[in-house]
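The values are calculated or read from the model by the stated rules, or taken from the named source; none is laboratory data. Everything quoted here is computed from the prediction, not taken from an experiment. Neighbour counts are summed over all protein chains in view; Cβ atoms, including those assigned to glycine, are modelled from backbone coordinates with ideal geometry. We work out accessible area using only protein heavy atoms, side chains counted, and drop any ligands, DNA or RNA first. Shrake-Rupley method; radii C 1.70, N 1.55, O 1.52, S 1.80 Å.
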Amino acid sequence: MYRQELVLTSSRNVILAFGSRVPAMVIRVGVTIDRSSPVPLYHQLAEQLGTAIRCGQLQPGDPFENEIALAERLNLSRPTVRRAIQELVSQGLLLRRRGLGTTVANRKVHRRAELTSLYDDLKRDAGRPTTIVLQHELVRDQRVAAALDLPADAELLSIVRVRFSDNRPLAILRNWLPSSCADITREQLQAQGLYALLRDRGVRPVVAHQTIGARTPTAAERRHLGLKPSEPVLTMTRSAFDSAGNPVEYGDHCYRAQDYSIEVMIDER
């Protein structure tokens, strides 16, 4: 294994390593290419460049060095670099425009299909999450109870929140919890993420059934998320359980599709 330094250009003014002045900054991103690893070279490159974008080392609008220069710097083939760049384009991290080259795309929330909290994901990615609680009440809902393997008349804590990232609305989060969690307050939900509050109570989801989709938003969703009627929402429903099979939560969420994506790793059977 050896370490190679990759140089990427940014829109901020600096001096190139060769000494000539250009209207762009050179950002050195440490990239480790392990040629003995079974992980494909293009995937190693894409993963590390994607991390640099997600953590803010590369900012939206920054120009991205072309594949020829990247291939020469890292001693990789052009098809390998091209495939890595295309993977980042597919993930929404890079934007290719004819005549303008490749640039870092506007920041989105990229969330892996894992049992994590959106609040925790935003904090990790420096998204400065805030929350408005729209509903907090005890209800009975046969559909949700069935999804959680609870009796049809089971009492549930129903919570509806609007989650903001950097003061911009990102998602409407509808959750139902067993009545054992009814002591969770509005004030706590405004200050913390739901999963953190559950962990404080010794409740930890370990397995879930999750469905991802898309649809047109309702009038209320358009109002809360600042969407036009033609703009879609990404949807996610989830039934989560702890290690003993006890129900933890049922969620029915919708997100601004232009600001949110979900990454799923799939394996060959």
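Figures for the structure shown
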| item | result |
| --- | --- |
| Carbon/sulfur fraction of accessible area - the range 168-260, other protein chains in place, 1.4 Å, % | 50 percent |
| Stretchable slack from VAL89 to VAL133, in nm (0.36 nm times residue separation minus alpha-carbon distance) | 12.3 nm |
| Per-residue SASA entry for THR216, accessible area with 1.4 Å probe, Å² rounded to 10 | 100 Å² |
| Virtual spin-label span in nm between ILE212 and THR32, 7 Å along Cα→Cβ | 2.7 nm |
| Solvent-accessible surface (1.4 angstrom probe) belonging to PHE164, in square angstrom, nearest 10 | 40 Å² |
| 1.4 Å probe accessible area per residue over the range 164-208, in Å² | 48 Å² |
| Förster radius 30 Å - calculated FRET efficiency between ALA71 and GLU231 (Cβ-Cβ, nearest 0.05) | 0.20 |
| In nm, spacing of pseudo-spin labels at ASN246 and ARG186 (7 Å Cα→C-beta vector) | 2.8 nm |
| Sites ARG201 and SER261, calculated FRET efficiency, Cβ-Cβ separation with R0 35 Å, nearest 0.05 | 0.70 |
